[in-house]
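Student: First the structure, which I've put down as structure tokens, then a few questions once you've had a look.
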Amino acid sequence: MSRMGRVYDDERLASVYHPGNQMPQQSLRAWATLIGSFTPRPRPVVLDMGTGTGMLATAMARWVPVRAVIGIDPSAPMLAQASQAAAHPDVHYAAGAAEAIPARRQVFDLALLSRVIHHLPDRRACARELARVLRHDGTAVIRTTFRDNLDAPVYRYWPRLLDIDRDRFPRKDEVIADFTASGFTVTQVTFFAQPVTSSLRDYHARMTTRPQSKFGFLTEAEFREGLQRLEHDALAEPPSRPAPVSERYDVLALTAA
């Protein structure tokens with residue numbers, strides 16, 4: 001988790017992360033409903049591990065009947081943004097790492113790791129911690145893109161990011177092996193796609209801020225070249241017929257022993 005902490009301690013990234021990764025309300029609600037469907041109990045206590053700026057933590061609190069959502073992240077700048085941009089009376093934020101979750105045993109019913117798994121230096125340590133803090137039959141939901149299925153829209157415009165992410169993202173079988181070694185069983189493997197912007201023009205405007213950590217692997221020239229390609233396509237999009245830009249994620253649900 002320390003590697004993720006170093007990446008996300010970038011205050012510039014934290015300042016643009018929330019607006020740069022926000023989804024339309026309908027998409028957020030759809031994701032919250034899907035994630036909430038995996039809970040084994042009504043009114044769950046939810047852990048959002050690697051909460052970032054709290055986008056999904058607050059979505060869960062708004063659209064899923066929860067007792068509480070605890071958003072944990074190792075990054076102080078991200079948590080500062082979360083407390084401002086994603087405040088909710090049922091959401092509480094705290095500093096912590098996936099290998100040492102600051103919670104007692106068997107306190108959570110549902111744990112979410114959204115766009116986090118590729119940042120973890122020790123997935124098995126994370127799995128052991130989740131097995132400790134989840135109640136019996138609690139569920140861990142991993143929202144990611146496995147190496148087997150990398151297909152994000154950014155790859156069309158920054159193709160080198162695909163090669164970079166092939167090195168960073170784990171395969172599905174690797175993640176399953178790490179979690180089953182800690183006693184988890186696979187509940188479901190699926191995927192889900194939702195619009196992230198209403199048009200390619202909006203997507204271009206969003207990408208100008210480099211709102212994802214992966215852009216840090218590119219040179220300035222590489223970033224500008226990709227942004228120009230995206231701008232070209234965005235300007236060619238008929239304003240009267242904008243096409244929503246969607247992102248697809250793999251969803252792996254696992255049940256604790």
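Student: Can you list the HN-Hα couplings for the range 183-189, worked out from phi with the Karplus curve (6.51, -1.76, 1.60; θ = phi - 60°), rounded to whole Hz and with x for Gly and Pro?
Tutor: x, 6, 10, 6, 8, 7, 10
Student: Sticking with this one: Please report the Cα spread of the range 54-113 along all three principal axes, rounded to whole Å, starting with the longest.
Tutor: 28, 26, 17
Student: Still on this model: Note down the relative contact order for the chain as a percent, whole number, built from C-alpha pairs under 8 angstrom at least six residues apart.
Tutor: 22 percent
Student: Remind me, what semi-axes does the chain give for its equivalent ellipsoid, largest first in whole Å, using sqrt of 5 times each Cα gyration tensor eigenvalue?
Tutor: 30, 19, 18
Student: What is the set of long-range amide H partners of V196 at a cut-off below 5 Å, with H atoms built 1.01 Å from backbone N?
Tutor: Placed amide hydrogens put V245, S246, E247 under 5 Å from V196.
Student: Amide H of Q22 versus every other amide H placed in the peptide plane: which residues, excluding those fewer than 5 positions away on the same chain, fall under 5 Å?
Tutor: Those qualifying (amide H under 5 Å, at least 5 residues apart or on another chain) number zero.
Student: Moving to a separate point now. Over the Cα atoms of the range 115-257, what is the Rg over Rh ratio if Rh follows Kirkwood?
Tutor: 1.06
Student: Further, regarding this structure: Among rounded, prolate and oblate, which fits the range 1-149 when a ≥ b ≥ c are the square roots of the eigenvalues of its C-alpha gyration tensor, a/c under 1.5 means rounded, and a/b larger than b/c means prolate?
Tutor: The shape class here is rounded.
Student: Share of the chain's accessible area from carbon and sulfur, percent, 1.4 Å?
Tutor: 51 percent
Student: Pulled fully out, how much extra length does the chain show between T185 and Y155, if you take 0.36 nm times their separation in residues and subtract their Cα-Cα distance?
Tutor: Taking 0.36 nm per residue and subtracting the Cα distance, the gain is 7.5 nm.
Student: Let me ask something additional. In units of 2.2 N^0.38 Å, what is the alpha-carbon radius of gyration of the range 14-97?
Tutor: 1.01
Student: Next question, about the same structure. Before I look further, what does the chain give for accessible area per residue, probe 1.4 Å, in whole square angstrom?
Tutor: 44 Å²
Student: While we're on this one: If you filter the range 158-257 for trypsin sites (Lys or Arg not before Pro), then keep DSSP loop positions with at most 13 other Cβ within 10 Å, what is left?
Tutor: R171
Student: Further question: Which residue fluctuates most in the GNM of the chain (Cα springs below 10 Å): T139, T39, T208?
Tutor: T208
Student: Where both residues lie in the chain, what percent of DSSP beta bridges are antiparallel, nearest 5?
Tutor: Beta bridges within the chain, antiparallel portion: roughly 50 percent.
The values are calculated or read from the model by the stated rules, or taken from the named source; none is laboratory data. All of these numbers come straight from a predicted model, not from anything done at the bench. Reconstructed Cβ throughout: ideal geometry from the backbone, glycine too, with neighbour counts over all protein chains shown. Each accessible area value is taken on the protein alone, full model and side chains, heavy atoms only, with ligands, DNA and RNA left out. Shrake-Rupley method; radii C 1.70, N 1.55, O 1.52, S 1.80 Å.
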